[in-house]
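What follows is a set of notes on a single structure, which appears directly below.
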Amino acid sequence: MDINLSQCFIAVDDHDTALAFYRDVLGMEVRDDVAFEGMRWVTVGSPAQPDVDIVLEPPLAEPGASAADRDAVAELLAKGMLRGLNFTTGDVDATFEHIRAAGAEVLQEPVDQPYGVRDCAFRDPAGNMVRFSRPRGR
């Protein structure tokens, strides 16, 4: 069986602010920007991985959702409890310094984990956890 990741979805509450982070800070390229029924989906991805898309979607992309549902999802998003992204990088410390210098909220400074990676973590502007790692010894 030949299975490959094509897309992953992450909720954002402000697409322009999210683009300033994913495009301008992380260097992702914008691949698509679509409006539909008053909502917006923006697709970004790493130039090094042209077959993998990250879709920045509205927090609750359900047209029939109640105001209470929208409020509940917005609260979970603000707490960073909905989703996250894990990236690999060639240099965790340099990546950390670059993202921190851009003003991102630091969740974890670079550390060697007992499970064999060096990693760090931030929150994106919507509150999602974004982690960067590299296996130790590489």
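The values are calculated or read from the model by the stated rules, or taken from the named source; none is laboratory data. All of these numbers come straight from a predicted model, not from anything done at the bench. Virtual Cβ from ideal backbone geometry, glycine too; neighbours counted across all protein chains shown.
Pairing each residue of segment 16-27 that is on the phi > 0 side of the Ramachandran plot with any residue that is loosely packed, with under 14 Cβ neighbours inside 10 Å, provided the two are 6+ apart or on different chains, yields C-beta distances under 8 Å for 27/47. Residues in segment 100-129 that are in contact with a Lys or Arg (Cβ under 9 Å, 6 or more places away or on another chain) and part of a loop (DSSP other than H, G, I, E, B): 104, 113, 116, 127, 128. The set of residues in segment 81-99 that are assigned to a loop (DSSP other than H, G, I, E, B), under 18 Å from residue 8 (Cβ atoms) and touching a strand residue (DSSP E or B) at 6+ places or on another chain (Cβ under 7 Å) comprises 82, 83, 89.
Of the residues making up segment 45-89, not one is over 17 Å from residue 18 (Cα atoms), acidic (Asp, Glu), surrounded by 12 or more Cβ atoms within 10 Å (Cβ to Cβ) and in contact (Cβ under 8 Å) with a residue 12 or more places away in the chain.
Looking at (1) touching a residue at least 40 places away in the same chain (Cβ under 8 Å); (2) part of a loop (DSSP other than H, G, I, E, B); (3) aromatic (Phe, Trp, Tyr), which is the only condition residue 132 fails? The failed condition is (2). Applying the criterion of being within 16 Å of the chain's Cα centre (by Cα), without any contact (Cβ under 8 Å) to a residue 60 or more places away in the chain and on the phi < 0 side of the Ramachandran plot to the residues of segment 90-104, the residue that is surrounded by the fewest Cβ atoms within 10 Å (Cβ to Cβ) is 100.
Conditions (1) under 16 Å from residue 77 (Cβ atoms); (2) in contact with a strand residue (DSSP E or B) (Cβ under 7 Å, 6 or more places away or on another chain), marked per residue:
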{"residue": "11", "(1), (2)": "yes, yes"}
{"residue": "19", "(1), (2)": "no, yes"}
{"residue": "25", "(1), (2)": "no, no"}
{"residue": "28", "(1), (2)": "no, yes"}
{"residue": "37", "(1), (2)": "no, no"}
{"residue": "49", "(1), (2)": "no, no"}
{"residue": "58", "(1), (2)": "yes, yes"}
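The set of residues in segment 105-116 being at pLDDT below 95 and buried (at least 16 other Cβ atoms within 10 Å of the Cβ) is empty.
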